[in-house]
Amino acid sequence: MVEDLKQIFLTELESMENPADLFQLRVKYLGKKGVITSQLKSLSSLPPGERPFFGKKINDDKNFIEGQLDVKEAQLREKELKKQLQAEAIDITLPGKFTPFGRVHPVNRTLSEVVDIFVRMGFSVEEGPEVELDYYNFEALNFPKEHPARDMQDTFFVSGDIVLRTHTSPVQVRGMEKRKPPVRFIAPGKVYRCDADITHTPMFHQVEGLMVDRDITFSNLKGILETFLHQMFGPDTPVRFRPSFFPFTEPSAEVDIGCILCGGSGCRVCKGSGWLEILGAGMVHPNVFGHVGYDPEEYTGFAFGMGIERITMLKYSIDDLRLFFENDMRFLRQF
Ligand code: DAH
């Protein structure tokens, strides 16, 4: 190669900073119209005797240029890779972003505890709608037309015969409509009442229970509820049944446990009585069976219902219901 050309090539090569420019340089020298290519083409115009000499020289130049370009290309690619790796480097010594753990709301916690206990005793879990027909919320549960529970003061009416369910008991009826005895399920969920003060919120949670078969007696009800209450509040918790009234059970009972705060000696929470009312229960009324087509001569059953907020307040000694719904993290984080 003419020394000048070599010098020019090397200077140009030196100034290359990226593979794209380098490619252009390769085209300039080795491309179809490149410097070396046109030199090769011009060989034919030389006298035949000189062709081998110059031919060899041009080939040597071509090899030299090719070699130089390849070396440079490898260098540039390596440089680019290093730059990329540096740009993408992750400092694994930096502290991570802290994501605080979520908590289960105390009401949901009690709810799953209650559900777990009954599931262990063979109950399945049934769900029903929160927007409910008057028929399921009242009628089929043997509430007479003029029953005070239907009053505007308690019930949120959506329209004439559609309400927000005031209890989970309608799920008893829906559950029985779907199957034949034996029946054994619980129905947890939200219920609504037009009521708001320190001990009432317009929305709260209940768990309903129902068991129907041949020869189900009040003793079965006592056994199941005592077992439940002992698992929930401890094996030594006293339990008592008091006669009561619900339209959909006969006989009906309210169930108390010995006050878990004062141990029965009497305090503010149990209002000095030593007992806390914890749930309602009873033997399913024959009229309810009538609505779902069960023969009351063949089948008997029991039902029960409890308020989850109340159980949670007692379990954790919480004295203000509103704490459950204010979403104050200082309160919720304690669970
Ligand atoms: N549904 C009643 C209420 O909301 C609670 C209840 C009482 C449910 C007795 C029952 C039961 O299943 O047998 O106050």
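The values are calculated or read from the model by the stated rules, or taken from the named source; none is laboratory data. Computed from a predicted structure; not experimentally measured. We place every Cβ from the backbone using ideal geometry, glycine too, and count neighbours over all the protein chains shown. Ligands, DNA and RNA are excluded from the accessible area calculation, which covers all protein heavy atoms including side chains. Shrake-Rupley method; radii C 1.70, N 1.55, O 1.52, S 1.80 Å.
What the table below lists for this structure:
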read-out: Considering residues of segment 260-284 that are under 35 Å from the mean Cα position of the chain (by Cα) and under 18 Å from Leu225 (Cβ atoms) only, the residue modelled with the lowest pLDDT; value: Ile260
read-out: Among (1) open to solvent by 20 Å² or more (accessible area, probe 1.4 Å); (2) within 12 Å of the ligand (Cβ to nearest atom); (3) in contact (Cβ under 8 Å) with a residue 24 or more places away in the chain, the one test that His200 misses; value: (2)
read-out: Wholly enclosed helices (runs of 4 or more DSSP H) of segment 241-335 bearing at least 2 residues in contact with a strand residue (DSSP E or B) (Cβ under 7 Å, 6 or more places away or on another chain), buried (at least 19 other Cβ atoms within 10 Å of the Cβ) and not aromatic (Phe, Trp, Tyr); value: 308-315
read-out: Tabulated pairs, segment 74-86, first in contact (Cβ under 8 Å) with a residue 60 or more places away in the chain, second surrounded by 11 or more Cβ atoms within 10 Å (Cβ to Cβ), C-beta under 8 angstrom, 6+ apart or interchain; value: Leu76/Met16; Leu76/Asn18; Leu76/Pro19; Leu76/Leu22; Glu80/Asn18; Glu80/Pro19
read-out: Residue in segment 305-320 that is β-branched (Val, Ile, Thr), within 16 Å of the ligand (Cβ to nearest atom) and assigned by TED's automatic domain parsing to the domain that holds Val207 present; value: yes
read-out: Some residue of segment 65-79 being in a helix (DSSP H, G or I), acidic (Asp, Glu) and open to solvent by 90 Å² or more (accessible area, probe 1.4 Å); value: yes
read-out: Filter result for the condition that a residue is β-branched (Val, Ile, Thr) and in contact (Cβ under 8 Å) with a residue 24 or more places away in the chain, over Val35, Val71; value: Val35
read-out: Some residue of segment 213-231 being surrounded by 18 or more Cβ atoms within 10 Å (Cβ to Cβ), over 23 Å from Glu250 (Cα atoms) and in contact (Cβ under 8 Å) with a residue 60 or more places away in the chain; value: no
read-out: Matching residues, segment 133-177, being open to solvent by less than 60 Å² (accessible area, probe 1.4 Å), of a type in the set (A, V, I, L, M) and modelled with pLDDT of 90 or more; value: Ala140, Leu141, Ile162, Val163, Leu164, Val171, Val173, Met176
read-out: Residue match in segment 87-106 (condition: in a helix (DSSP H, G or I) and surrounded by fewer than 16 Cβ atoms within 10 Å (Cβ to Cβ)); value: yes
read-out: Qualifying residue in segment 43-59 (condition: open to solvent by 100 Å² or more (accessible area, probe 1.4 Å), in a loop (DSSP other than H, G, I, E, B) and among the aromatic types (Phe, Trp, Tyr)); value: no
read-out: Search result, residues across segment 285-304 that are within 13 Å of the ligand (Cβ to nearest atom) and over 37 Å from the mean Cα position of the chain (by Cα); value: His285
read-out: Complete set of residues in segment 203-238 that are in a strand (DSSP E or B) and within 16 Å of the ligand (Cβ to nearest atom); value: Met203, Phe204, His205, Gln206, Val207, Glu208, Gly209, Leu210, Met211, Val212
read-out: Scan of segment 114-132 for residues that are farther than 18 Å from Tyr192 by Cβ, of a type in the set (Asp, Glu) and open to solvent by less than 60 Å² (accessible area, probe 1.4 Å), ordered by number; value: Glu126
